Amino acid sequence: MWHVETDYFAPAVFVIMLIKEHSQRKEHNDVQDNAFYFVLIVSIVNAIIGLTHLAQEEDNIQVIREYLHNIDNSSDFLLGLINDILDMSKIENGELTLKEDTYTKDEFVNSIKVQFTRDYTG
């Protein structure tokens, strides 16, 4: 049986604590970084699985929608994290190429607005 008060928030709190602790370290090595990302990914997957179980057991459609919204956000975060890890791997291996392009200030500001709107308004 799932308990919303403890199980729902535990992965989120754990992930925040991991990120804070990792960012405060002065030195990192590959083993620590890999372990950090592994634990972070497992925590997010656990949160998604837990929210899925909660949604399956819930009768209130409003609560189910909230769980689904949180699953969607967690899934997006997980996908972004995996893409970032892959990009870092490409950078470390010298496989990432940057494309030069011109853009206006308005285009740049608009792209930032779109990103924040998509990330924070659901």
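For Glu92 and Ile64, calculate 0.36 nm times their separation in residues minus their Cα-Cα distance, and state this gained length in nm to one decimal.
Net length gain for the segment: 5.9 nm.
By average Cβ neighbour count within 10 Å, what is the ranking of 78-87, 98-107, 35-44 from highest down?
35-44, 78-87, 98-107
Read-outs: derived from the displayed coordinates by stated rules, not from any lab. Every value quoted in this text rests on a predicted model; they were computed, and no experiment measured them. Here the Cβ is made from the backbone with ideal geometry for all residues, glycine too, and neighbour counts use every protein chain on show.
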